[in-house]
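Below you'll find the structure, written out as structure tokens, and then a few comments.
The values are calculated or read from the model by the stated rules, or taken from the named source; none is laboratory data. Computed from a prediction, not measured in an experiment: that's the story for all the values here. When we count neighbours, we look across all protein chains shown, and the Cβ atoms used for this are built from the backbone with ideal geometry, even at glycine.
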Amino acid sequence: MTTPVKSDFVVVANRLPVDRTTDKKTGEEAWTPSPGGLVTALRPVLTSHDGAWVGWPGSTDTVTVEDMPTHEEAGITMMPVNLNAQDFEEFYEGFSNGCLWPLYHDLIVKPSYNKQWWKRYEQVNQHFANACSEVLSEDATVWVQDYQLHLVPGMLRTRHPKLQIGFFLHIPFPSPELFRQLPWRRDILEGTLGADLVGFHTQDSARNFMITLRALGYEVEILDDDDNAAFLRGARLPDSGHTVGYVRMDDARTVTVGVFPISIDSTKVQQQAITPDTRAAADRLREELGNPRFLLAGVDRMDYTKGILHRLTALEKLLDEGTIEPKDVVMIQVATPSRERLNDYRVSREEVEKVVTRINGNHGSLTRPVVQYVHTNLPFTSLLALYTATDLMLVTALKDGMNLVAKEYVACHSDGSGALVLSEFTGAATQLVQAHLCNPYDPDSIGLAIQRAMAGDPEDKKHRMRAMWEHVRVNDVDHWAQSFLEQL
Ligand code: ADQ
């Protein structure tokens with residue numbers, strides 16, 4: 001086996017930024033880049049620093065470095081971490097998505113605290129740390145991503161004391177009372193604190209993390225500036241990305257805790273949205289739907305955190321009460337298949353499909369259902385056409401770290417058209433403050449936001465959308481990555 005090139009900058013994430021695809025005609029297998037914003041944002045830093053990406057290739061077949069695209073082909077070193085079927089079940093589906101995911105999303109469903117899953121989580125985190133050790137130079141910068149890999153910073157720190165390590169959590173960090181339920185709470189915190197910089201999307205998450213640490217006896221300093229004083233009083237501020245405080249460790253290290261709200265490649269999305277092709281596809285879509293007065297849409301992974309059921313129930317209520325006429329609206333709901341083997345995901349899909357059927361049964365006509373629902377992954381170009389065609393985007397997550405769909409929608413409406421209904425419980429709501437905010441637990445609140453967005457004064461609607469676009473334009477994913485790495 002060849003020894004990989006040693007890198008000065010290493011990203012560690014659950015998934016590698018490539019997918020294995022099979023050509024339908026020839027049956028030939030190849031790696032295709034996955035379109036995520038993270039890799040786009042980090043590519044310049046990765047290529048200029050002989051960068052490496054450590055992650056799972058996405059299947060339970062064993063993959064070696066030799067099977068991956070070469071450094072020359074990909075511009076970076078791809079270091080695969082293999083997961084066998086049991087790792088996938090216990091580390092990924094089990095501990096990551098059956099325990100941490102529901103715990104961090106405020107117990108929308110019940111987390112399972114399973115010791116066997118925890119042991120597997122430790123083992124797999126060790127595999128990631130080992131793979132990382134193979135590609136890093138002794139004083140490299142390593143950026144560890146997300147809740148699947150909480151223990152990696154600590155494992156790397158023990159082996160390579162000179163590294164600069166960053167950790168970013170893409171999902172919310174829960175309140176101290178909830179986090180305390182976790183039997184392995186100290187291990188998760190200790191692992192995370194192997195980093196020099198720990199980043200969150202929102203002040204709420206950063207504050208929850210700091211207060212949890214303080215309650216467990218860590219020496220925590222929360223900075224005494226105006227913003228922090230305000231957020232400690234419970235005020236909600238638009239997050240702009242800054243240091244919230246420090247944790248003083250027993251080994252004399254200081255860990256910095258900061259807020260870095262993630263974003264999208266705003267200009268690229270906006271540019272793609274205004275091409276004649278996208279515009280024509282959007283017009284076609286509306287036409288095929290019978291040119292409805294209002295086209296509403298939701299675009300999500302099929303996940304119980306996204307509040308798909310809640311938005312459909314709110315729409316159903318408006319239709320049942322006669323507040324909205326079925327002839328005036330079409331709602332498109334696109335749900336990407338996700339974590340389908342987990343029971344909570346199966347149940348949430350069934351609930352969504354039931355309400356779709358009921359709405360169409362009660363309010364559709366022979367030729368036209370009110371809700372068009374697809375359970376599929378769409379190419380990004382189709383998503384852009386959908387965003388562009390949509391008058392009213394519904395993002396009603398019960399809890400969401402950020403929610404990039406909201407930002408993608410805004411970037412497709414740089415001309416001020418459209419409207420966004422946005423849940424208060426998303427990270428995006430701390431930034432896109434001009435959206436029609438709603439409480440997704442209350443169908444009347446979603447209903448009111450929909451009505452306001454539909455009936456709003458055109459000038460006010462335009463003003464809101466343009467203000468949000470300006471925010472997303474300036475605070476793009478590049479800004480996010482740069483501010484984190486500069487701080488690190
Ligand atoms: P997710 O929970 O996956 O991400 P989100 O931020 O909305 O949620 O990102 C979803 C992405 O998938 C978007 O870029 C969207 O375009 C794409 N997508 C959604 N439905 C699709 C479909 N049917 N077909 C194709 N693409 C689709 C986690 C956290 C979020 C956080 C992100 C980034 O849960 O809170 O914003 O990470 O940190």
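Quick notes on this structure:
- Each residue in region 178-206 was checked for being within 23 Å of Lys306 (Cα to Cα) and of a type outside the set (A, V, I, L, M, F, W, C), and 6 of them qualify.
- Within region 366-390, residues that are under 14 Å from Lys407 (Cα atoms) and away from the ligand (no atom under 12 Å from the Cβ) reach partners that are polar (S, T, N, Q) and outside any strand (DSSP E or B) with beta carbons closer than 9 Å, at six or more positions or on different chains, in the pairs Thr388/Thr278; Thr388/Ser417.
- Top-ranked residue in region 259-314 [being assigned to a strand (DSSP E or B) and in contact (Cβ under 8 Å) with a residue 60 or more places away in the chain; ranked as farthest from the ligand (Cβ to nearest atom)]: Phe294
- Selection status of Gln451, assigned to a loop (DSSP other than H, G, I, E, B) and surrounded by fewer than 23 Cβ atoms within 10 Å (Cβ to Cβ): no
- Residue in region 350-357 that is within 13 Å of the ligand (Cβ to nearest atom), touching a strand residue (DSSP E or B) at 6+ places or on another chain (Cβ under 9 Å) and either over 13 Å from Gly298 (Cα atoms) or not in a loop (DSSP other than H, G, I, E, B) (or both) present: no
- Top-ranked residue in region 154-176 [being outside any loop (DSSP other than H, G, I, E, B) and within 14 Å of the ligand (Cβ to nearest atom); ranked as surrounded by the most Cβ atoms within 10 Å (Cβ to Cβ)]: Phe167
- In region 326-347, the residue that is farthest from Phe294 (Cα to Cα) out of those that are in a strand (DSSP E or B) and within 16 Å of the ligand (Cβ to nearest atom) is Thr336.
- Cβ separations smaller than 9 Å between residues 6+ apart or across chains give the following pairs from region 202-224 residues that are at pLDDT below 95 to residues that are crowded, with 17+ Cβ neighbours inside 10 Å and charged (D, E, K, R): Thr202/Asp239; Gln203/Asp227; Gln203/Asp239; Ile222/Arg207.
- Of the strands (runs of 3 or more DSSP E) lying entirely inside region 23-95, those containing at least 1 residues that are more than 16 Å from the ligand (Cβ to nearest atom) and acidic (Asp, Glu) are 29-33.
- Among the residues examined, Asn362 does not qualify as farther than 13 Å from Met331 by Cβ and within 12 Å of the ligand (Cβ to nearest atom).
- Residue within region 102-121 that is within 16 Å of the ligand (Cβ to nearest atom), within 25 Å of Pro57 (Cα to Cα) and assigned to a loop (DSSP other than H, G, I, E, B) present: no
- Boolean, Ala481 is in a helix (DSSP H, G or I), buried (at least 21 other Cβ atoms within 10 Å of the Cβ), free of Cβ contacts under 8 Å to residues at least 60 places away in the same chain and within 13 Å of the ligand (Cβ to nearest atom): no
- Residue check for Arg466: touching a helix residue (DSSP H, G or I) at 6+ places or on another chain (Cβ under 6 Å), more than 16 Å from the ligand (Cβ to nearest atom) and farther than 23 Å from Tyr104 by Cβ: no
- Residues in region 395-412 that are more than 9 Å from the ligand (Cβ to nearest atom) and surrounded by 24 or more Cβ atoms within 10 Å (Cβ to Cβ): 5 in all.
- Of the numbered criteria (1) under 12 Å from Pro17 (Cβ atoms); (2) of a type outside the set (A, V, I, L, M); (3) buried (at least 17 other Cβ atoms within 10 Å of the Cβ), the one Ser34 fails is (3).
- Residue count for region 420-441, restricted to those that are outside any loop (DSSP other than H, G, I, E, B), of a type in the set (Ser, Thr, Tyr) and either crowded, with 23+ Cβ neighbours inside 10 Å or away from the ligand (no atom under 15 Å from the Cβ) (or both): 2
- Scanning region 4-22 for residues that are β-branched (Val, Ile, Thr) and outside any strand (DSSP E or B) yields a single hit, Val5.
- Count - residues of region 71-90 that are surrounded by fewer than 12 Cβ atoms within 10 Å (Cβ to Cβ) and over 20 Å from Gln148 (Cα atoms): 2
- Pairs, first over 22 Å from Lys110 (Cβ atoms) and at pLDDT below 95 in region 335-361, second loosely packed, with under 12 Cβ neighbours inside 10 Å and not basic (Lys, Arg), C-beta under 6 Å, six or more apart: none
- When Asp457 is tested against (1) at pLDDT 95 or above; (2) away from the ligand (no atom under 16 Å from the Cβ), exactly one condition is not met: (1).
- Taken over region 359-381, the criterion of being of a type outside the set (A, V, I, L, M), surrounded by 15 or more Cβ atoms within 10 Å (Cβ to Cβ) and in a helix (DSSP H, G or I) is satisfied by Asn360, His363.
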